[in-house]
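The values are calculated or read from the model by the stated rules, or taken from the named source; none is laboratory data. Keep in mind that what you see is a predicted model, and the values were worked out from it rather than measured. Heads up, the Cβs are rebuilt from the backbone with ideal geometry, glycines too, and the neighbour counts pull from every protein chain shown.
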Amino acid sequence: MRPTPPLRVISSALSAHEAFQADPTLYALAVVDDLGTPVGLINRFRFRETLWQQYGTDALKNRHVGLLMDRTPLVLDEYAPIEQLSEILTDDSTKYIFDGFIVTRRGKYLGIGTGFSLMRRITERRQATLAHLAYHDTLTGLPNRQLFLDRLGQAIASAKRNRRRLAIFSIDLDRFKVVNDSLGHTIGDLLLQQIADRFRSLIRAQDTVARLGGDEFAVVLTELPAFEHAELVARKLLDIVRQPFLLDGHEVHISCSIGAVAYPDHSDSQPGLLRMADDALYAAKRVRDTMRRYTEDMARPSATTPMVFSTIRRAIDLGELEVHYQPQADLRTGALLGLEALVRWNDPVRGYVPTNELIQLAEDAGLISEITHFVCGTAMKQFRAWQLAKLADGLRLAINISGVEVRDGVLPSMLRAHVRDAGLSMSMIELELTESGLMFSDADATQLLSDLREEGARVSIDDFGTGYSSLGRLQRLPVDVLKIDKAFVEDIDTGVRQGALVRAIVMMAHSLGLTVVAEGVETEVQRAFLERHGCDLYQGHLLSRPLPSVDIGKYLKDRHVPQRVVTGARKTRTRAHSAHARVLET
Ligand code: C2E
Ligand code: CA
Ligand code: CA
């Protein structure tokens, strides 16, 4: 919101003209009466249009400003709920996004808002909840396993730097199953919630208590002068669980067991510490209602410790990786426009390992660029074969790139080599990067993407809406395509916000000149909605699941009609949109 002084009604149109002249970034001006109540809004661009059509600057001197203002602008109280705003914003097509609106405090003018600033707030809000959901257990609100591992990693790194000691507790409730089975899941859930509350009340802000799943909890204590302090905390935790719980009229008594381990006393590696905490818990469980500190004789033969590096190495070297392909199509014409290459790990023991897990492991083990190397090699050769068979005319091949790789600098030469070896050209390639990969990259990384773009590659932002892009930043990034994350597409069906966010993102992306792809489209309702609201391409189970190359080959034979290259929004964008894209740059 801009703290722009408004015009009073008595003003001449000339003063509005002068105000716009003086500030080239001024988007709109509010007109208020003597009490400060808004009576109209003058949008910079509409003002200029009208001016050119009807009056010269000279004629403005004596014109009343009322002649040039919108007398029914959108006026919003500063505390209007954001969900309501997103509805209004996407109603009436794009009017409010482009005209701006007036924000009031108790009915008096406060400032001007633009659709873009509002949309940013809406997406930020949504991102905040998405991030919260991804990292918190929905039942108790505690950090989940993923966030716990993340925090533990940070705590270990910082303890290493500052030569501090940490304690880690692995906690399990005793006889939780009995409560759950005899009193029912609802009571069981209540119990878990109350335990979470009690734990939270005991743990300091710099420490972490998480729910790892079921009745399993974990704690990281930082800055411990001596392990005895951890024992004190463990005693308090045991004690607080022993106090009776009142659950929907039932008095319930329960206890817990704690396995404890200390960094660096027992181990300095995260997997080592976690395994030892579990071993200690196992020992405590045999006694119940007690804490056990890890000792070597507790070690159990473990088959589960992942030897991450060698496992991934082996998967690559022994040819356990495959590439599957998922088509993308134009929402209006249905024409196929691209294939996204998705890596698959077919482990001889475990079967297909979830890809997110593989990518995470590979990033941790520093082997992600080997995966990209494999995917590029395989997918580009395959793509060339489809081209020679006349199955891939006008299609692009999309490759996923991790943020880590954009920073390490070897990416361009690797890509160029693969493109050349396969006999393709860079203009057939699209690089998908997640928001965080793009956002946290430095100027060199951004330059690297610009170079690849100049050679013809397209760059797309993957999972848009789950990271923290600001629109301002988005404008300056070298990107062509925005892929709306699945989570937003799901919203369409649940009808919660009636897909308002999807609509807002599409409008915003178009105003910035980006092509919009919706991911994870599973239903015809979603597809039709996306088409109606101007989204350009879609991808998802509705069109096809990701399939092995043999199946995609068949799919292409059955389905692909040779097409000219359609670039979606670029061709269909209206002049109004591009005018605003320029405007944003001012
Ligand atoms: P992504 O790039 O967002 O890929 C889309 C994911 O959504 C894929 O999961 C795909 O199987 C899944 N998907 C496609 N259509 C639908 C649908 O209609 N409904 C639902 N619920 N899901 C759908 P996948 O293959 O498990 O990949 C997960 C993530 O792993 C990818 O997300 C991408 O970020 C990463 N990834 C995959 N392959 C590679 C790769 O070769 N290199 C790198 N760096 N990352 C990769
Ligand atoms: Ca992707
Ligand atoms: Ca995605």
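See the values below:
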| quantity | calculated |
| --- | --- |
| Number of the exception - Cys535 against (1) of a type outside the set (Gly, Ala, Ser); (2) surrounded by 24 or more Cβ atoms within 10 Å (Cβ to Cβ); (3) within 11 Å of ligand 1 (Cβ to nearest atom); (4) assigned to a loop (DSSP other than H, G, I, E, B) | (3) |
| Residues satisfying the stated conditions in the stretch 517-542, i.e. farther than 24 Å from Cys376 by Cα and within 16 Å of ligand 3 (Cβ to nearest atom) | Val521, Glu522, Gln526, Leu530, Cys535, Asp536, Leu542 |
| Filter pass, Leu367 being away from ligand 2 (no atom under 13 Å from the Cβ) and either within 17 Å of Met428 (Cβ to Cβ) or of a type in the set (A, V, I, L, M) (or both) | yes |
| Test: residue in the stretch 516-531 that is in contact with a helix residue (DSSP H, G or I) (Cβ under 6 Å, 6 or more places away or on another chain) and charged (D, E, K, R) | yes |
| Some residue of the stretch 443-460 being under 19 Å from the mean Cα position of the chain (by Cα) and at pLDDT below 85 | no |
| All strands (runs of 3 or more DSSP E) inside the stretch 227-287 with 1 or more residues being within 39 Å of the chain's Cα centre (by Cα) | 245-247, 255-263 |
| Some residue of the stretch 261-268 being β-branched (Val, Ile, Thr), assigned by TED's automatic domain parsing to the domain that holds Leu166 and over 18 Å from Leu149 (Cβ atoms) | no |
| Candidate set: the stretch 519-562, residues that are of a type in the set (A, V, I, L, M) and more than 25 Å from Tyr352 (Cβ to Cβ); chosen: the one farthest from ligand 2 (Cβ to nearest atom) | Val561 |
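Per-residue answers, yes or no, for (1) in contact with a Cys (Cβ under 9 Å, 6 or more places away or on another chain); (2) surrounded by fewer than 20 Cβ atoms within 10 Å (Cβ to Cβ); (3) not β-branched (Val, Ile, Thr); (4) not in a helix (DSSP H, G or I):
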site	(1), (2), (3), (4)
Glu490	no, yes, yes, no
Asp493	no, yes, yes, no
Val502	yes, no, no, no
Met508	no, no, yes, no
Val521	no, no, no, yes
Ala528	no, yes, yes, no
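Here's the yes/no breakdown for (1) surrounded by 19 or more Cβ atoms within 10 Å (Cβ to Cβ); (2) more than 25 Å from the chain's Cα centre (by Cα); (3) more than 16 Å from ligand 3 (Cβ to nearest atom):
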residue: Asp330; (1), (2), (3): no, no, yes
residue: Thr333; (1), (2), (3): no, yes, yes
residue: Leu336; (1), (2), (3): yes, yes, yes
residue: Trp345; (1), (2), (3): yes, no, yes
residue: Gly351; (1), (2), (3): no, yes, yes
residue: Pro354; (1), (2), (3): no, no, no
residue: Leu361; (1), (2), (3): yes, no, yes
